[in-house]
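The block underneath contains the structure these notes are about, expressed in structure tokens.
The values are calculated or read from the model by the stated rules, or taken from the named source; none is laboratory data. What you see is a predicted model; the values in this text were computed from it and never measured. All Cβ positions, even for glycine, are placed from backbone atoms using ideal geometry, and neighbour counts span all protein chains on display.
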Amino acid sequence: MAKNERKLDPLLTADFYGRHFDNGEVSITSKYTDGSDQVFDFKSRIDDRATSLAASVFVNSQDGHAIIFYKGTDLPIIRDEGSGRFAGFIKDIQAIFQSKAGQVSRQTLEAERVYLDIMREPSVQSVEIVGYSIGSQHVNYLAAKHRATGTTIADMGIHPDVLGREFQDDKSGKSINEQMLDRVSVLHLAWDKLPKWFAAGPSVGQSISLDQGHFDDIIGLAHIPQTYAHKAKAKLVP
């Protein structure tokens, strides 16, 4: 689709995610890959309790670029990403195991509806997507099926059957793996094991390692966006 375009620096996506979902910010200045400062304003929030999908849409009024952020996994006691620490967690686990079985979960299908709605808006000139934890499954699916571009944080991959069944070739002559590397950037912490445990399949994007997996990086075990944001910003060129 012509509107698919990644403009936000992947290393700043976790910071953007945390500032909105954790801090409640609705006007956020970040940077494009060309280094230019850009202001994004909150447009809409989608909370679908039936599937536990939570997503927020931001738009840059200067160029019409939209970013859809798909929330992470609700975790008992630890994190409420939008649908409740317990009710949301149960639905997220259901979606995760659907994905592990080679199905497209109802949550991912709802994420697809949100994406297509934004793509159809005349005022939106370009779109990219960002997904954290379970939200990464939606990004990988949309990248395969609709040639969407974006970034995953704590990537849970995509089932090979789904990738093979849904993949839309861009006719560039590149292989499926090469095209997915072009479409998705993956922020990775060595100590964050949860994405691997609950992965639907292999990670298919271009991996950006944020640490070396040393003992002092063990905070990655906590599986929280702030750690990704801190480590990613540390890798930015001054």
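Annotation note: of Ala154, Ala199, Ala148, the sole residue that is touching a helix residue (DSSP H, G or I) at 6+ places or on another chain (Cβ under 8 Å) and either modelled with pLDDT under 95 or farther than 30 Å from Gln125 by Cα (or both) is Ala199.
Which ones in segment 204-228 are part of a loop (DSSP other than H, G, I, E, B), surrounded by 14 or more Cβ atoms within 10 Å (Cβ to Cβ) and either in contact with a helix residue (DSSP H, G or I) (Cβ under 7 Å, 6 or more places away or on another chain) or free of Cβ contacts under 8 Å to residues at least 60 places away in the same chain (or both)?
Val204, Gly205, Leu210, Asp211, His223
For Ser123, state whether it is modelled with pLDDT of 95 or more, hydroxyl-bearing (Ser, Thr, Tyr) and not in a helix (DSSP H, G or I). Walk me through it before giving the result.
Working: modelled with pLDDT of 95 or more: yes; hydroxyl-bearing (Ser, Thr, Tyr): yes; not in a helix (DSSP H, G or I): yes.
Yes; evaluated as a whole, the condition is true for this residue.
Condition first: of a type in the set (Ser, Thr, Tyr) and either in a strand (DSSP E or B) or surrounded by 13 or more Cβ atoms within 10 Å (Cβ to Cβ) (or both). Now tell me which residues in segment 22-49 satisfy that.
Within segment 22-49, Ser27, Thr29, Ser30, Tyr32, Ser44 qualify.
Total residues in segment 1-49 satisfying the condition of being touching a helix residue (DSSP H, G or I) at 6+ places or on another chain (Cβ under 7 Å) and among the β-branched types (Val, Ile, Thr): the figure is 2.
Per this entry, Ser36 is not counted among residues that are touching a strand residue (DSSP E or B) at 6+ places or on another chain (Cβ under 9 Å), at negative phi and small (Gly, Ala, Ser). For segment 153-163, does any single residue satisfy the condition of being out of contact with any Pro (no Cβ under 6 Å at 6 or more places or on another chain), free of Cβ contacts under 8 Å to residues at least 40 places away in the same chain and under 27 Å from Ala95 (Cβ atoms)? Scanning segment 153-163 turns up no residue that is out of contact with any Pro (no Cβ under 6 Å at 6 or more places or on another chain), free of Cβ contacts under 8 Å to residues at least 40 places away in the same chain and under 27 Å from Ala95 (Cβ atoms).
Going by what's in this entry, would Gly213 be described as at positive phi and at pLDDT 95 or above? So Gly213 does not fit the description; no.
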